[in-house]
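The values are calculated or read from the model by the stated rules, or taken from the named source; none is laboratory data. Only a predicted model underlies this, so the values are computations on that prediction, with no experimental measurement involved. Note that we place each Cβ from the backbone using ideal geometry, even for glycine, and neighbour counts take in every protein chain shown. We work out accessible area using only protein heavy atoms, side chains counted, and drop any ligands, DNA or RNA first. Shrake-Rupley method; radii C 1.70, N 1.55, O 1.52, S 1.80 Å.
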Amino acid sequence: MVKLNRRQFIALSAAGAGAALFGNQLGQASQLLPQSSVNLSPLYQSSDGLLELDLEAREHLVNLGGKQAYLLTYNGQVPAPCLEAKPGDKVRIHFTNNLSQPTNIHYHGLHISPTGKADNVFLRINPGDKFTYEFEIAQNQAAGTFWYHPHLHGLVAEQLFGGLAGLFIVRGELDEIPEIKATQEEFLVLQDFSLDEGGRIFSSMHMSLMMGREGDLIAVNGKINPSFSLPAKGLLRLRILNASTSRFYRLMIENHPFYQIATDGNALNEPIELRELLLTPGQRADVLVKGDRQPGKYRLLNLPYDRGSMGMMGGGMMRGRGMMGGRGMMGRNDRDVPIPLATLNYESTVESLSLPTKLTSISVLPEPQTVRSFELNHGMSPAVGMAFLINGQPYRGDRLDTKVKLNTIEDWEITNTGVMDHPFHIHVNSFQVVSRNGIPESLPAWRDTVLVRRGETVRIRIRFRDFAGQTVYHCHILDHEDLGMMGNLMIDA
Ligand code: C2O
Ligand code: CU
Ligand code: CU
């Protein structure tokens with residue numbers, strides 16, 4: 001497999017087109033790209049233990065499914081460049097903020113320090129400023145699908161909805177399993193957009209912010225309904241990221257089963273057969289599709305999902321594309337019909353591959369030293385008006401909400417007493433789900449984002465390992481996070 005290192009890539013892109021056109025218009029040159037990124041923006045890989053690149057956030061005119069769109073981009077690309085490193089590698093990102101707003105970068109799911117030049121979400125990088133991120137991927141970092149996106153409180157949803165999100169892949173043990181190695185690998189970055197006539201991002205009204213903004217244009221790797229080839233008899237590995245601000249994806253492949261092999265950034269013990277898969281904002285899933293069906297085309301569909309609504313505040317008005325003011329496709333409401341996201345196409349035939357049996361061995365965390373409760377809801381807050389709350393309070397930068405001790409294990413019991421679903425996310429350390437509404441969770445898995453449905457109580461178990469410092473937990477419907485559903489977490493050494 002041919003892969004470009006950073007220098008080769010820069011040489012290539014300088015040779016011809018702007019980076020956003022890369023692959024579409026370079027024709028010949030795009031064949032130099034590895035299989036895995038044929039459908040994705042260029043790849044930056046570490047070499048000799050170092051992943052180093054320049055990353056610039058700026059508005060840029062991008063071709064989005066045949067439409068010209070002014071999006072917010074990293075290096076002119078939507079989705080952002082895919083970064084790839086290995087455990088033990090150093091990462092150095094020379095970041096420039098050429099947006100008209102302050103921003104910063106969060107490395108979602110990576111087990112790295114939340115302080116200094118690493119995963120520090122309290123940094124504020126002003127327009128025109130530069131900042132060099134520097135950290136090391138730990139030796140104990142699981143191989144998996146991680147991602148990066150802005151994380152400056154109050155602006156997160158807007159900046160993600162503009163397009164700022166990219167994959168951060170860690171290669172490791174999982175990728176070395178022979179059956180996994182033999183798969184054809186594709187990344188699917190799911191994003192939704194809402195554009196006005198002039199190709200500008202449609203700005204949301206307050207009500208749709210409460211619901212969480214959704215766009216009517218769903219893109220996979222910046223394309224509308226792209227095709228992926230599925231080798232007959234072989235295995236296709238889809239590594240899917242929900243990089244949408246608020247939209248949930250309930251995925252199914254029509255008449256075709258698939259097998260989940262990883263949750264968020266972490267392998268499962270063994271493949272699990274699925275008919276459908278729910279991915280909330282922030283979550284990732286690795287799945288294998290086995291080319292053992294009747295050859296043909298199979299659609300990857302997004303099925304309707306009801307994540308609740310602010311019922312008393314406008315009911316039906318809150319739903320669908322009405323609030324976004326977007327294009328009405330013959331009056332269809334996209335909440336009620338399946339939407340094709342991509343097409344899987346049986347093409348070549350390969351030597352018959354079987355599914356891997358054992359992927360990893362997850363050790364279940366022992367009993368916790370501390371148990372805490374968190375209540376998710378929304379309500380009126382004196383200073384802010386309608387806000388999203390954790391334990392009755394909207395986020396405040398200067399308030400410490402939760403103080404834990406490094407190297408201890410805690411259970412967090414998260415109860416959603418509101419009327420909308422909330423995907424709960426914690427930075428730096430991943431966790432295990434212990435139970436839902438008191439019913440023990442049977443699937444051992446590591447996650448960094450877990451759905452807490454309305455009316456539900458989810459108990460998670462987390463060990464605070466390796467890194468001390470302040471970080472956050474929050475709802476990954478990023479409008480909810482921006483409107484207060486976040487807390488400061490201090491991990492004390
Ligand atoms: Cu993907 Cu705190 O976020
Ligand atoms: Cu995160
Ligand atoms: Cu929420």
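Available extension along the chain between Ser373 and Asp398 is 6.9 nm, counting 0.36 nm per residue and deducting the alpha carbon span.
Under 16 Å of direct C-alpha separation, and excluding same-chain neighbours fewer than eight residues apart, Lys90 reaches these lysines: Lys117. For the pair Asn140 and Asp54 in one chain, pulling the backbone fully straight at 0.36 nm per residue adds 28.3 nm over the alpha carbon distance.
Here r is the Cβ-Cβ distance between Ala383 and Thr417 and R0 is 25 Å; the resulting FRET efficiency, rounded to 0.05, is 0.70.
For the chain, a crude dipole built from +1 on the beta carbon of Lys and Arg and -1 on the beta carbon of Asp and Glu, taken about the Cα centre, is about 480 debye to the nearest 20.
Each of Gln77, Thr115, Val156 was scored by the projection of its Cα onto the charge dipole of the range 76-159, and the greatest displacement toward the positive side belongs to Thr115; charges sit on the C-beta of Lys, Arg, Asp and Glu. The overall shape of the chain is rounded: from the C-alpha gyration tensor, with semi-axes ordered a ≥ b ≥ c, the ratio a/c is less than 1.5.
Here's the picture: charge each Lys and Arg Cβ at +1 and each Asp and Glu Cβ at -1 in the range 111-252, and of Phe228, Ile177, Ser204 the one pushed furthest to the positive end of that dipole is Phe228.
In the range 338-493, taking the dipole from charged Cβ atoms about the Cα centre, the farthest positive-side position among Leu365, His378, Ser348 is held by Leu365.
Across the range 185-194, coupling constants 3J(HN,Hα) worked out from phi with the 6.51/-1.76/1.60 Karplus curve, θ = phi - 60°, read 9, 9, 9, 10, 9, 9, 9, 10, 9, 9 Hz, and Gly and Pro carry x.
You can think of it this way: the chain between Asp292 and Glu347 has 18.6 nm of extra reach, that is 0.36 nm per residue less the Cα-Cα gap. Computed over protein heavy atoms with a 1.4 Å probe, the carbon and sulfur contribution to the accessible area of the chain reaches 50%.
Accessible surface calculations at 1.4 Å, restricted to protein heavy atoms, place the chain at 39 Å² per residue. If a spin label sat at a point 7 angstrom from the Cα of Glu254 along the line to its beta carbon, the backbone N atoms of the range 283-301 nearer than 13 Å would be those of 296-301. The local environment of Trp147, defined by Cβ-Cβ distances under 14 Å, has a net charge of -3 under the rule Lys, Arg +1 and Asp, Glu -1. With θ taken as phi - 60° and the Karplus curve 6.51 cos²θ - 1.76 cosθ + 1.60 applied, the whole-hertz 3J(HN,Hα) list for the range 73-79 is 10, 9, 6, x, 10, 10, x Hz, x standing for glycine and proline. Close amide H partners of Phe187, meaning residues 5 or more places away or on another chain with modelled amide H under 5 Å apart, are Arg239.
If R0 is taken as 35 Å, the Cβ-Cβ distance between Asp306 and Arg124 corresponds to a FRET efficiency of 0.45. The charge dipole of the range 350-430, taken about its Cα centre with unit charges on the Cβ atoms of Lys, Arg (+1), Asp and Glu (-1) only, comes to about 240 debye. Could you calculate the FRET efficiency of Ser363 with Glu197 from 1/(1 + (r/R0)^6), where r is the beta carbon distance between them and R0 is 45 Å, rounded to 0.05? Taking R0 as 45 Å, the efficiency between Ser363 and Glu197 is 0.25. The 3J(HN,Hα) values that the Karplus relation (6.51, -1.76, 1.60; θ = phi - 60°) gives for the range 58-69 are, in residue order, 7, 6, 8, 7, 10, 7, 10, x, x, 10, 7, 9 Hz. Gly and Pro appear as x.
What residues have an amide H closer than 5 Å to that of Phe146, excluding those fewer than 5 places away on the same chain, when H is modeled at 1.01 Å from N in the peptide plane? Answer set, sorted by chain and number: Phe168, Ile169, Val170.
Across Met205, Met490, Met420, the residue with the most accessible area heads the list, and the full order at a 1.4 Å probe is Met205, Met490, Met420.
Among beta bridges from DSSP that stay inside the chain, the antiparallel ones total about 70%.
Mind running the shape call on the range 103-255? Use the C-alpha gyration tensor, a ≥ b ≥ c as the square roots of the eigenvalues: rounded below 1.5 for a/c, prolate if a/b tops b/c, oblate otherwise. Oblate is the answer for the range 103-255, as a/c is 1.5 or above yet b/c matches or exceeds a/b.
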